[in-house]
1. Measure nothing but the geometry: give the 0 to 90° angle between the long axis through the Cα atoms of 110-120 and the longest principal axis through the Cα atoms of the chain, rounded to 10°.
2. Using a 1.4 angstrom probe on the protein heavy atoms only, could you order SER81, SER441, SER103 from most to least accessible area?
3. Tell me, in nm to one decimal, what length is gained between TYR222 and VAL169 on full extension, where the rule is 0.36 nm per residue of separation less the Cα-Cα distance?
4. Just add up the charged neighbours of VAL275: K/R +1, D/E -1, any other residue whose Cβ is under 12 Å from the Cβ of VAL275.
5. Where does each of GLU347, GLU602, GLU116 land when they are ordered by accessible area, with a 1.4 Å probe and the largest first?
6. Which percent of Cα-Cα pairs in segment 5-54 sits in each 5 Å bin, short to long?
7. Sticking with the crude label model, points 7 Å out along Cα→Cβ, report the distance from LYS322 to ASN474 in nm, one decimal please.
8. Work out how much length LYS362 to LYS389 would gain on full extension: take 0.36 nm times their residue separation and subtract the Cα-Cα distance, in nm to one decimal.
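The values are calculated or read from the model by the stated rules, or taken from the named source; none is laboratory data. In this text the structure is predicted, and so the values were computed from the model without any measurement. Quick reminder, even Gly has a Cβ in these numbers, built from the backbone with ideal geometry, and neighbours come from all protein chains shown. Side chains included, ligands, DNA and RNA excluded: accessible areas come from the protein's heavy atoms. Shrake-Rupley method; radii C 1.70, N 1.55, O 1.52, S 1.80 Å.
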Amino acid sequence: MAEKKIEVKNLTITFKTDNGLVQAVRDISFDLYEGETLCIVGESGSGKSVTSKAIMGILANNAIVESGSIIYEGENLLDVSEEEFHKIRGHRIGMIFQDPLSSLNPIMRIGKQITEATLINANIIKQKYNDLISKELMAYKNSIARNNILIAKEKNKVKLLEAEYQKSVSQDGINKYFTKLIQTEQAAFDEKAKEYNAKVFEENSKIKAAKKKNSVFALFNYFMDVYKNEVKEKKFSFALKQVKKLRAENKEEIALVTAEANNNIAQYRAELEPVQQVLEAKKAEVRPAVIEYKNKLVSEYEAKIAQAKIDAKKNIEESKAKLKQDLPGLKAALNDRKKSAKVEINEYKAALKKEYADNLAKVNAKYTDKTSEEYKKEVEACKIDYISKTRITKAEAKRRAIEIMREVGIPMPEKRFKQYPFEFSGGMRQRIVIAIALTASPDVLICDEPTTALDVTIQAQILELIKRLKRERNISCIFITHDLGVVANMADRVAVMYAGKIVEYGTAEEIFFEPKHPYTWALLSSIPDVDSKERLEAIPGTPPDMIYPPVGDAFALRSKYAMQIDFKHQPPFFKVSDTHYAATWLLHPDAPKVEMPKIVSERIKTSLASVKKDKKNETVEEVVKSDDAAPLKKPASRKRSTKKTVKEDSSDE
């Protein structure tokens, strides 16, 4: 079985905001094996990028890692010092970000950006010394870092409890409890009030309609109609009299309609008042209970906070005491290692100098004419060889950069080396970002939606480039995307994330051909497909607010397959196969049998048929190739024709 490169266990990450704690990642676990590509797929806000940033150690300052571990080469990356992370980040774990333009410095030439990291670590002797003392130095620094992390965590526990306390006893928190106690009476009043408002609106509409008849516009229109149809000589005065008469009649009608409407409104109000009185009585009844509830909350939280402070103080003191006990030994071990490392470095430098002197002596012995060009070239070669073993020169860094630029498919790298980011297209800029990530030859590469900002044609080229580099360099890759089309092209295994949790986990074939979670169905249903005749299905609603994550299955509010249990209890992972797991109550033995959407099943059938056809074509091609490659044999009969054929074939060759 392949070696595990990264092992994430029960990782939980929240972010402090003005509105509360955002629960971005909630208790996720996954493994990354050597040479494989793990795709993490999901909508925006599902926690994909937060997970990758946690692995890289570049979380924002307001992030809190509440629990979990990220194991890389036997070490928990959440406990290492920033100094050690500098040796891991970029060197052993590289990252490609989704927007290449924002990843590059717009006023710095591309060549300088590619060679920057190489030149920072150009002193080979110093790097060798640091590598020699690395184990002891990291043990010393990590012990201090672990102590500082523990202190920060303990203080955060108290701060989080205090924030929870403030939120619970705030007016909003108490109002929620108050509303819960009066919800039956409030619902009855709201229903009656809605009915009352509708009837009042209707009565007011009657009054408005009656008054509209006496508006200037309506009376003027009536006047014009009378005036046009009247044949008498004094038709103007006649029309005016008719308007005055109509106005008087309308006033009487308005008075009658208004009186009737007011009587009706008063009657409706009388019907509403008993319901309102019941509500007010209930409010008065529960107020003492609300006050008692608030006082109870205050006392409980004060006790919890006091205990949390005591526990935090105890844990911090124990950690400091352990550090105080361990530190002298770790420091002594570090000092001893520094001394022995200096001896080794001095021996190494002496060996290099001796090798340089021996090579120079051989050259001097070889040439009698010390002014010849050949002699000068060999002396210069000896010098360059010596320098290359002590430090990386700018010329060497440039040579390496041009090699990597050529490797990632940038034409004319010597010319492009001196250009600025704005002189490159989007696809070329992404190739530069990939080149920068590869300069230190990492064994793990995290690709955070590297093709999002690119058009489809360029996307395909970048994906093929990443696949080729991964295969040639044997890189383990975590590929983050929201596009299942990209997943199909890249993945060995897939983790589907929603609302900070992994909801389905399996091989690419299992996720695409045997999906089990309704969210995976929804993602597959919403992908454009030229072979499908079904109409694409949009995922209804929006992802939940992770300050208040929903109880139970987070996708239940958007799923037409949700059951009552989905709104009460969070589903565990149900085993589909040894490599395939899904967190959905639909896999429970007692759950009703639910078929996946027709569009998904049809796509799976089409895909399987396509796969079989491709395999058949591959088999035919292999047979044809093997027939072409096989030597001609003489059958028992038709000897002449066979010989003739062989002769003709050999003459053609």
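1. 60
2. Values: SER81 15, SER441 75, SER103 50 Å².
Descending order: SER441, SER103, SER81.
3. 12.5 nm
4. Working: positive: LYS192, LYS194, ARG269, LYS282; negative: GLU185, ASP190, GLU191, GLU195, GLU271, GLU273, GLU280.
Cβ neighbours under 12 Å give a net charge of -3.
5. GLU347, GLU116, GLU602
6. For segment 5-54, the pair-distance distribution reads 5, 17, 27, 25, 14, 7, 3, 2, 0.
7. Taking the two extended label points, one gets 3.7 nm.
8. My answer for the length gained is 7.8 nm.
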